Each structure stands twice: as C-alpha cells, then as structure tokens.
Amino acid sequence: MMDYDVITIGGGPGGAAAATLLARHGRRVLLLERSRTPRFKIGESLMPATYGTLERLGMLPRMRASHFPRKYSVQFFNKTGRASIPFYFAETDPTESSQTWQVLRSEFDALLLDNARERGVEVLRGALVKDVLFEGERAVGVLAELPGEEEREIRCRVVVDASGQSALLARKLGLRQPDPELRKAAYFTHFQGALRDPGIDEGATLVIRTREAKSWFWYIPLPDDRVSVGVVGSLDYLVAGRPADPQQVFEEEVDRCPALQPRLAGATQVFPVQATRDFSYRSSRIAGDGWVLVGDAFGFLDPIYSSGVLLALKSGELAADSIHAALAAGDPSGVRLGAHGPRFSAGMEAMRKLVYAFYEQDFSFAKFLSRHPEHRLNVIHLLVGNVEHPIDGLFDAMSWMVRFPAEAPLLPAGEPANLPGAAR
C-alpha cells in the first residue's frame, strides 16, 4: 500500500505549486523541504505571466497584501549607458495581470508553503531526501531522513523532483545537460539606500551592460529600501584569471559600468558579495514511470530575463495537471506524467533563444526594433513570460543579428530510464 499519492521533493516555487494544485484535486500529498527555516535565494524578480499560476494557487490575496514592490516594466541600458524606452507590460495586456512583484525569496517561498499547508499539503521542513526508490524502471517512493526520526522509506504513486539545482533525479539518471554556450558566473549582493526611479518605474527591473559589454548587471528594487544588484558574465571573463575574492571582482565590474555607479552612490552594501556559476542546463527528459521533474530540477536558464520563478511555477502547474490526469486514469506512466513536456519545453526554448540574442555582441533591442517595429509586442510577450503566445516570425527576423543554437532535445517520456546498477 502506498503512503501517499504524491511525494514532492523540495518546497520552492515549482514544488509548492505542484503540491498545492494536486492537494486541491483531493490527492494526498507530502512535501519534503530540506531547510528548516526560509533561506535567502536570488531569483527575486517575477515575470507577469506568473499571475495565472498564482491565481490558481489562491496566492493573489497574499501577494496584493505583501510589501513587495510592484513591477510594471523592464528597461535595458547598452554599453554606452544609453537607456532603452521601458518595455511596459501593459502594452500587451491593460489588466492587473500585466503587473507583477519584486520579491524577497525567503518570504515569497514561505508564503507559498503556508498556502500549500492551508490547501491540504502535508509539509515537513528539515526533511532530507537521500534517494528516490525504484522497482525496475518505476519510481515508488523516497528514502528520507525526517525531523527527529531515523531514515526510512516512504512509498507513493508519483515522485515529483523539485529539488532545485541539486537535481536529485536528473543527476541519478544521467539526464542533466549543460548549455555549452551559456557557461556563466554571477556575483551579487543587496544595497540599502540605492537610487530608485520615480512613479511607475520605481519597481522596474534594470538590465545594465558594462562598458566593454563583456558583462551585465541586474538591478532589482526590493522591499525596505533594498536593491538586489548582481553582475553576470562568462566564466572565461568573470572567473578565469581574476581575483578569488568575489567582492573585488564585483567592484571591478561596477567600475566598468558608468550607468550603474550613480545609482549606488551613497548606498550601503548589506552583505558580502556571493557567487554562483555555470547555471544554464536542461534535462533530456521531463518524466518517467512514476516520476516527474519540476522547476530547476528539470532545467534553468540564464537570469537575464528573470525567468526562473516563472518557469518553476509554470512547470509545477503543468506537471500537476499531467499527474492528476494520470492518476485519474490509473496510469502513472512516463507517457502520461510527461504529457505537458513538449509544450513546456517549447516555451523554455523560446526564452533560451531570447537569451542567446542578448549575448550576441552586436545585438540590442533598440537596433532590432528600429528595423522591425512590427515585433515590439512579440518581444514584450516574451518579456512578460507569455511563452505560449504565438510569436510567428520573431526569431526569423532576429536571425540577421543572432546565431541561434540548435534546439535542446526532449526525449520521449516513455523511454526506459538510465538507472545505474540493479533495480532498487
């Protein structure tokens, strides 16, 4: 007998979304989150297309009542410091759903877990999942160390791996594939008292290139007069041959970014610069018999367009729908559990192409749109996160400026998993 219908590994946005929606369908769901208390994370800027998922989760009242700054646009600064016209999301949708929020992830993720509990999910913090259990090719549960208990096996009909960049199942099954041309590093911190633009632009995300265009900064207004500031560049540029001290590298890049300097004048750095690297990857499969990958456990894109939380929430939502349909049919096979895979992967691929466009040395949105003004709304749809909106001809029109990558393959969900060793 199974202990649960679904076990979700990880309580970030993807795991919380999948678990909440399945519990609302009446499924018995256990969510195991490793951290005992909310943790600091980057990925603080939401895209407006999260609105629909947040609405399904019942999260909108919490978001409206929060102290998170509202985000209505994104603006780009080229290497000379010249600013683009802001891309206001309301140009494609004049309703409330065209705005979103800049969040402190520790608070946002805690709100998602509180909401999950209220909707019927059994949430356990401080639970360490050691392994996913298989019988032959089918996942049947997890081996976990629960708070105050010895490690034990917990059985279920479907395992949702939302373990973030730990990517428990993708690593176990050899599915994780790095993007060879998006090998980047990021150095980041928060500042108190940095410049904020007035009015509707106060909560805008700014993307600011450095003078030689070898790196770029994000600038994200947060609650309590904080701003998240981070620099991203290739490993070859930002790490190789540079000082080992992240603070020194960060300051050197600020010196190369004249458009950023006046915004930080007089501001106070809140905590030491932190670093992460090599963060763009994709798994070759999204599901198998008895298991599904969600959020960063499936894949992650460069943070240039703040797509991380959107892709996590959307993958959790779509996975929940596939899982519910599979359980209702009594068939938790990879084919049924991964039914949403091609749809989700296509949207992620569209965002990936836009990332490649940004990193093309001579590309700029201003230059592209001056030649192709008919694609302005298509660009905004992608910046909003409407990855399923038809964008016919956009990437063809960009191809004179951008060398796009081959599409990342998604293997059929029904193929056998590459389980190492004997069945477990």
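The values are calculated or read from the model by the stated rules, or taken from the named source; none is laboratory data. Everything numeric here is computed off the predicted structure, so don't read it as measured data. Glycine also receives a Cβ, built like all others from the backbone with ideal geometry; neighbour counts cover every protein chain displayed.
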- Note on the structure: By residue number, the members of the stretch 252-289 that are of a type in the set (Asp, Glu) and either in a loop (DSSP other than H, G, I, E, B) or within 30 Å of Ala339 (Cβ to Cβ) (or both) are Asp278, Asp289
- All but one of (1) buried (at least 22 other Cβ atoms within 10 Å of the Cβ); (2) in a strand (DSSP E or B) hold for Leu169; which doesn't? (2)
- Failed item, numbered, when Gln75 is tested on (1) in a strand (DSSP E or B); (2) outside the structural domain of Gly15 (by TED's automatic domain parsing); (3) surrounded by fewer than 17 Cβ atoms within 10 Å (Cβ to Cβ): (3)
- Note on the structure: A careful count of residues in the stretch 297-322 that are acidic (Asp, Glu), at pLDDT 95 or above and touching a helix residue (DSSP H, G or I) at 6+ places or on another chain (Cβ under 6 Å) gives 1
- Task: Pick out the one residue from Val292, Val309 that is of a type in the set (Val, Ile, Thr) and part of a helix (DSSP H, G or I).
- Result: Val309
- Could you look through the stretch 1-19, keep only residues that are of a type outside the set (Gly, Ala, Ser) and closer than 13 Å to Asp296 by Cα, and pick out the one that is surrounded by the fewest Cβ atoms within 10 Å (Cβ to Cβ)? Ile9
- Failed item, numbered, when Tyr219 is tested on (1) in a loop (DSSP other than H, G, I, E, B); (2) closer than 17 Å to Pro86 by Cα: (1)
- Item | Test for Pro13: is it of a type outside the set (Lys, Arg), closer than 18 Å to Val103 by Cβ, out of contact with any Pro (no Cβ under 6 Å at 6 or more places or on another chain) and without any contact (Cβ under 8 Å) to a residue 24 or more places away in the chain | no
- Message: Go through the stretch 5-25 and report how many residues are under 20 Å from Gly141 (Cβ atoms) and polar (S, T, N, Q).
- Response: 1
- Within the stretch 187-209, considering residues that are crowded, with 23+ Cβ neighbours inside 10 Å and either hydroxyl-bearing (Ser, Thr, Tyr) or assigned by TED's automatic domain parsing to the domain that holds Tyr305 (or both), the one farthest from Glu252 (Cα to Cα): Thr205
- Output the qualifying pairs, or none if there are none: Cβ atoms under 7 angstrom, residues six or more apart or on different chains, first residue in the stretch 155-184 and at pLDDT below 95, second residue among the β-branched types (Val, Ile, Thr) and surrounded by fewer than 22 Cβ atoms within 10 Å (Cβ to Cβ). Leu182/Val355
